[in-house]
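S.K.: Please see the structure below; I have some questions.
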Amino acid sequence: MKFTFITALVLALGLTVSAPGKVAADAGDALVGGIIGGVIGGAIVNENNKRRTTTKRVYRQKVYSPERAQNREVQTSLNYFGFPAGTPDGVLGRRSRSAISQYQAHLNYPITGYLTPYERDFLIGSYHRAISGGAVTNQQIATVGTRGLLLQYRDQAAGVTTAVTPAPAAPEAVQPVTEAAATSEPADTGTALPNFLGGGDGLSLASHCNTVSLLTNTNGGFTTVSNMADPNVVLNEQFCLARTYAIANGEEMAAAVQGVGTNEIAAQCQAFGPVMKDHVAALSLKPRDAVLQGVSGFVLTSGMAPQQLAATSKICLSVGYRTDDMDVAIGSALLLTALGEQVYGELMGHHLSQGFGATRRGDLAFDWYNSALTALESGQPAVFAPGQPERVVLLRSAVSPTGGQAGTMTAPVQPASALPNFTVKQ
């Protein structure tokens, strides 16, 4: 009898010790299993793994974060143009100094290993211009290489025109016109709205930003608070700067998506266009709160976790800007803002003030600008140009309210079945 009691006691103690660990492990595995095969959702997986694996803290000397962010930009730009600076960690060590010296020698600057403000601004600006150039940049690199591209940008900033010879186009096959085809009546397309603007592609933001980048380099760098003369120049520069950051951030996230290529991601992100089309159209008609009300309704019916939807939106925002698809870009930015990342509201302000993908509405643009800048002033992390310390003050100086409100009709909620769905490798 005593032996049976002791045996039962030992078994009970064993269950008491082992059960919680097993329950926690099963819960963690279930969480990961529920995310993988879902959307991007990498943030949740990452946080879950941190809780399971973190055993100690490593304390390192603090580095002023805006300076470190700017240093990472410098290192990324050097690597892009073929000056090996190593992993962009924000610390300009011996390898980075060597890369800076190579960059200076290539452009005939004094070789010091330390960048002057102009040399730094030109390097970073050239990088942003290159990655946002799309097919034009690829054609130039194929002709002169990445370092040669940097020389072209330098010459253009100095007013020297350098031509890039385009690859010869393949001749078009001419199809014979048969008599039946020549005399046939045009197909009846039914009742359709007239279109006086051709294909209706609208303005190209990519082309616009290439022009803005050239002017910025010609003027010796980005406009600052102290030398601002034209607020519109500031808004153009900061819009294109935000665009390049959005492209770079999304491409970095897309690189972690397993089993899906770049072209396939782009094709899936095109689903944001038709799904968000009505909300994008509402941007030009309704005040900020009314637009976000409609987008929030979409989020609630999407069937996707907020973290997953936010990660997907950041990737598709990059794709939208890279492919010059304003419906995809604006739709993604609207989703991010509705999900609480208010700093992305700046993009809607730019689209409304500059007329890309939306009607020019300065009166509606101000509320978007103001909410984004207020979020930054309240401590929300900057996602665009974090190394530019006076950016908030600069935008505040360039933006002024013009008043006016649009109607308050509610945008219809669109089905979410066509949304892309990615899994990010952590």
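S.K.: Highest first, please rank the peptides 68-80, 251-263, 96-108 by the mean number of other Cβ atoms sitting within 10 Å of their residues.
M.R.: Most protected by this proxy first, the peptides run 68-80, 96-108, 251-263.
S.K.: Continuing with the same structure: What ranking do Cys240, Cys316 get, fewest neighbouring Cβ atoms within 10 angstrom at the top?
M.R.: Cys240, Cys316
S.K.: What list of ³J(HN,Hα) values in whole Hz, one per residue of the stretch 297-307 in order, does the Karplus curve 6.51 cos²θ - 1.76 cosθ + 1.60 (θ = phi - 60°) give from phi, with Gly and Pro shown as x?
M.R.: Those phi angles translate into x, 5, 4, 5, 9, 6, x, 10, 5, x, 5 Hz.
S.K.: What does the highest-first list of 321-332, 360-371 look like by mean Cβ count within 10 Å?
M.R.: 321-332, 360-371
None of the figures in this text is laboratory data; all of them are computed from the coordinates on show. If you're wondering where the values come from, they're calculated on a predicted model, not measured in any experiment. Ideal geometry is used to build each Cβ from the backbone, glycine not excepted, and the neighbour counts take in all protein chains shown.
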